[in-house]
Structure formats: structure tokens, C-alpha cells
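For reference, the structure discussed in these notes is given below.
The values are calculated or read from the model by the stated rules, or taken from the named source; none is laboratory data. Worth saying up front: this structure is predicted, and the values here are computed from it rather than measured. Positions of Cβ are generated from backbone atoms using ideal geometry, with glycine treated the same way; all protein chains shown enter the neighbour counts.
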Amino acid sequence: MLIRNCAGGVIFYQGKIFIMKNEKGEWVFPKGVIRNGEIAPEVAVRRVKEEVGIDASILSTAGQTSYEFYSVTRQRPVCNKIIWYIMEAKSPEFLKENKEENVFDAGYFDIEEAIQKITYSQDKALASCAYEQYKQLVNI
């Protein structure tokens, strides 16, 4: 099995949480693979900028998730291990669509609506926990 270490962002702006729809129609958070010599926080900030055009800063760690899938292109199973960061956007601007990065819809949502949209249960839990942590960090 191929193990890939990744980093991503759970992004907030004025109390709303950002999610995006990928090429499979899944509502997820932006993330990317950590390559040789890179460090997780830098990858998270960079991937958030590249995928959805958001300039964001890290406030705290949010936790870790992992999932396995079979890669048809690699002809073997893959496990993605993701470290997540709570991030705050510097402005409300984002790319609603970025086909080069497989983003087909995106937006900031109230936490309840986001949790309904998010595809995977572990991401729903991540969103909920990150939101509670975010509220404490910014005194909402």
C-alpha cells in the first residue's frame, strides 16, 4: 500500500466554514500531498491558495484523518494521512470553480449547512470540532 502524508485547511471567515466540491461530487476541505522537504503547515497554506484562491493563516492544528482507496492509475491501494489546520481567511474572496485543481463548486457556509453538505462522516466530525475550537480562538 502506498502511504501519502498530506496537509489541509479547515478555513473560516467571519464564523462561516469553507468547503469545496471535487470532481467526484464530494464536499471536502482543500488539501495536498506533502512532498520531499516540505513541511505540513506550508503545504496546507499553499494548497488552500492553489486550489481555491484563499489567502489564509493558520490559527491552530485541527487534528488528523486518514482514508484508504484503490488507485486505478497506480494499480494499488493508497492511504492518505492528513494533518488538518484551522485557518482564517484574510478576505471573503475565493475561487468558486477551478477545474485545473478539480474544484467544481465552493463556498462559505454556516456550520449546520456545511455539515449537511460534507460527504464523509470523519470530515463532518472534523468540521464540528474545528468550529468549536475556532470559536474559542477568535472569541465568538
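Some observations on this one:
- Residues that are touching a strand residue (DSSP E or B) at 6+ places or on another chain (Cβ under 9 Å), over 25 Å from residue 106 (Cβ atoms) and not in a strand (DSSP E or B), drawn from segment 53-87: 74
- Checking 121, 128, 71, 66 one by one, the residue that is of a type in the set (Ser, Thr, Tyr) and touching a residue at least 60 places away in the same chain (Cβ under 8 Å) is 71 and no other.
- Test result for residue 74, modelled with pLDDT under 95 and surrounded by 13 or more Cβ atoms within 10 Å (Cβ to Cβ): no
- Identity of the residue in segment 88-98, of a type in the set (Asp, Glu) and assigned to a loop (DSSP other than H, G, I, E, B), that ends up modelled with the lowest pLDDT: 97
- Qualifying residue in segment 39-49 (condition: within 24 Å of residue 108 (Cα to Cα), in contact with a Pro (Cβ under 6 Å, 6 or more places away or on another chain) and of a type in the set (D, E, K, R)): yes
- Filter result for residue 124 (over 13 Å from the mean Cα position of the chain (by Cα) and among the basic types (Lys, Arg)): no
- The criterion of being assigned to a strand (DSSP E or B), in contact (Cβ under 8 Å) with a residue 24 or more places away in the chain, out of contact with any Phe, Trp or Tyr (no Cβ under 6 Å at 6 or more places or on another chain) and not charged (D, E, K, R) does not hold for residue 9.
- Which listed residue, of 38, 51, 101, is acidic (Asp, Glu) and at pLDDT below 95: 101
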